[in-house]
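Inspection log for the structure reproduced underneath, given as structure tokens.
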Amino acid sequence: MKIQAGSRLRGLRIVALLAALLPGWSAAQAPAFECGYAVESGMDARGFADAYLSARNERDELALRSFLAKNIVYRDATAGQTMEGIEAVLGYMQQQVRTHPDLRWNTTDVICENASRLVIRWLSWRTVEGRKFEAEGVSILNLVGGRIVTHTDFYQNSR
């Protein structure tokens, strides 16, 4: 697969973003990836990201099941949690919204895309003890057949 020149720059931008978002995070932890081509999902990368986050925002389990592989591994790197399997991941997502009923995500950028990987930058909002909080983050989604097999989140909460 040929890498477009701008794709290398986007890959470097994600490493810089992760380093800025997560003090102590080093480029040595950066996943190796190539960027440049649309995901195999029947929609463009931005459409995939927006539809996935919309399914999370709508708490639409049926739609989420269409995005997630049965053997998905979901890693919340910031919280230090890993869930394996679609039922565990859906349970984790349900727990997030039980804890924060107004939790919402919005895609801000597609940093990297190819047939097997999508890296998106997002903002999320929620209320904690009457105060509004915002988080900025990056999700690295590895795909097989248009379904997410690994989902890794890196984010920083505002205070």
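Inside segment 59-113, residues that are of a type in the set (D, E, K, R) and touching a residue at least 24 places away in the same chain (Cβ under 8 Å) make up a count of 8. Scan segment 89-120 for residues that are under 18 Å from G137 (Cα atoms) and assigned to a loop (DSSP other than H, G, I, E, B) and jot them down. Hits for segment 89-120 are H100, D102, L103. Do we have any residue at all in segment 125-133 that's at pLDDT below 95, under 16 Å from T78 (Cβ atoms) and among the hydrophobic types (A, V, I, L, M, F, W, C)? Looking through segment 125-133, at least one residue is at pLDDT below 95, under 16 Å from T78 (Cβ atoms) and among the hydrophobic types (A, V, I, L, M, F, W, C).
Scanning segment 81-89 turns up one or more residues that are more than 16 Å from Y155 (Cβ to Cβ), surrounded by fewer than 16 Cβ atoms within 10 Å (Cβ to Cβ), out of contact with any strand residue (DSSP E or B) (no Cβ under 7 Å at 6 or more places or on another chain) and at pLDDT 95 or above.
Hey, can you tell me all the residues within segment 60-80 that are crowded, with 18+ Cβ neighbours inside 10 Å, over 19 Å from V97 (Cβ atoms) and within 14 Å of the chain's Cα centre (by Cα)? A77, the sole residue that qualifies. The residue that is farthest from Q94 (Cα to Cα), counting only those in segment 42-74 that are out of contact with any strand residue (DSSP E or B) (no Cβ under 9 Å at 6 or more places or on another chain) and in a helix (DSSP H, G or I), is G47.
The values are calculated or read from the model by the stated rules, or taken from the named source; none is laboratory data. If you're wondering where the values come from, they're calculated on a predicted model, not measured in any experiment. Neighbour counts are summed over all protein chains in view; Cβ atoms, including those assigned to glycine, are modelled from backbone coordinates with ideal geometry.
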